[in-house]
Structure formats: structure tokens, C-alpha cells
1. Within region 24-59, track down each residue that is surrounded by fewer than 17 Cβ atoms within 10 Å (Cβ to Cβ) and touching a helix residue (DSSP H, G or I) at 6+ places or on another chain (Cβ under 7 Å).
2. Quick one: count up the residues across region 65-78 that are surrounded by 15 or more Cβ atoms within 10 Å (Cβ to Cβ) and part of a loop (DSSP other than H, G, I, E, B).
3. Identify, by number, the condition in (1) more than 17 Å from residue 80 (Cα to Cα); (2) surrounded by fewer than 16 Cβ atoms within 10 Å (Cβ to Cβ) that residue 10 doesn't meet.
4. Which number in (1) in contact with a helix residue (DSSP H, G or I) (Cβ under 6 Å, 6 or more places away or on another chain); (2) surrounded by 18 or more Cβ atoms within 10 Å (Cβ to Cβ) marks the one condition that residue 62 misses?
5. Write out, first by first residue and then by second, each pair whose Cβ atoms fall under 6 Å of each other, whose residues are 6+ apart or on separate chains, and whose first residue, in region 44-63, is on the phi < 0 side of the Ramachandran plot while the second is part of a loop (DSSP other than H, G, I, E, B) and surrounded by fewer than 16 Cβ atoms within 10 Å (Cβ to Cβ).
């Protein structure tokens, strides 16, 4: 299943995994997660839902979300709300 997590230092980690914890790297602390899908027609990365283990992302715990460079040019939304309106997006 397509899942994502947000780490305490703001990294977006994503992949096709069974459990959200499978996305953690050594030293990561998860502050929530959910599922994702691409909306190619509208140029969006759509994040939604929550992780059973970690809950909904705690967006107010971070100032910047760090996403892979390949997502540059896509609008990133969570439950339909553009993240760029509430948080700084940095590409790496």
C-alpha cells in the first residue's frame, strides 16, 4: 500500500510498504503518516488519512517539510488542503 510518514525533522518518507514503520530510517522519529497518491492530471501529490501506529501528521510540530527533488512542480496537499499555504516546502 502507498504510505507516507513525516519525521520529526520534517522529512517526507514514502513508499509501497505494509507498515508505516517500514519507512523509518535509523534515528528517525515519526510524527504521523497516512497514504498518498499522484494526481497526474492536476499535478498534485495527494496525502491523506492517518497511520494506525503514528496517527495523523502533526504538521504544527514542524516549520518545513523536506520532500524529494522529483516532486518539484507538484502541488502537495493533505486532505485536499495545499501544504504550501501553511508550511515551507523544501526540495532535496
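Read-outs throughout are calculated quantities, based only on the coordinates presented, and are distinct from any laboratory measurement. Quantities reported herein were computed from a predicted structural model and do not represent experimental measurements. All Cβ positions, glycine included, derive from the backbone under ideal geometry; neighbour counts span all protein chains shown.
1. 53
2. 1
3. The number of the failed condition is (2).
4. Single failed check for residue 62: (1).
5. 48/79; 56/50
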